[in-house]
Amino acid sequence: MAICPVCSMRFGTGNYGNLAEHLIDMASEGDFLHISWINKNITKNKTGKENLALHLQNYYNFKENGLKMWIISDFIKQFRGESPTHLY
Ligand SMILES: [Zn+2]
């Protein structure tokens with residue numbers, strides 16, 4: 001199941017297209033939490049639905065297959081304190 005990491009809205013199993021659409025919709029409405037999650041975890045560049053869905057798929061696959069690596073890289077990101085860029 002694809003779940004929005006920000007607001008926990010649920011989408012069908014592996015339905016990253018709908019999740020991507022949701023994230024883009026929320027971001028274009030100026031929802032700061034959704035924007036900063038995308039910026040921090042996926043990309044700082046404005047992206048289309050298909051491209052974002054692909055990124056999300058890779059992100060979740062990586063998270064499942066390499067949880068330890070993900071925790072480390074997430075920790076490093078937080079430690080470095082990258083501030084989100086408002087691009088949407
Ligand atoms: Zn959401």
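Just so it is clear, none of the values below were taken in a lab; they were calculated from the coordinates. Values in this document were obtained by computation on a predicted structure and should not be read as measured data. Note that we place each Cβ from the backbone using ideal geometry, even for glycine, and neighbour counts take in every protein chain shown.
Quick notes on this structure:
- Phi-based couplings in Hz for segment 31-41 (Karplus 6.51, -1.76, 1.60; Gly and Pro marked x): 6, 4, 5, 5, 4, 5, 5, 4, 4, 6, 9
- Full extension of the chain between residue 25 and residue 45 gives 5.7 nm of extra length, using 0.36 nm per residue less the Cα-Cα distance.
- The simple spin-label model puts a point 7 Å past each Cα toward its Cβ; for residue 58 and residue 8 those points are separated by 3.0 nm.
- The phi torsions of segment 45-54, fed into the Karplus equation with coefficients 6.51, -1.76 and 1.60 and a -60° offset, translate into couplings of 8, 5, 9, x, 4, 4, 5, 5, 4, 5 Hz, rounded to whole numbers, with Gly and Pro shown as x.
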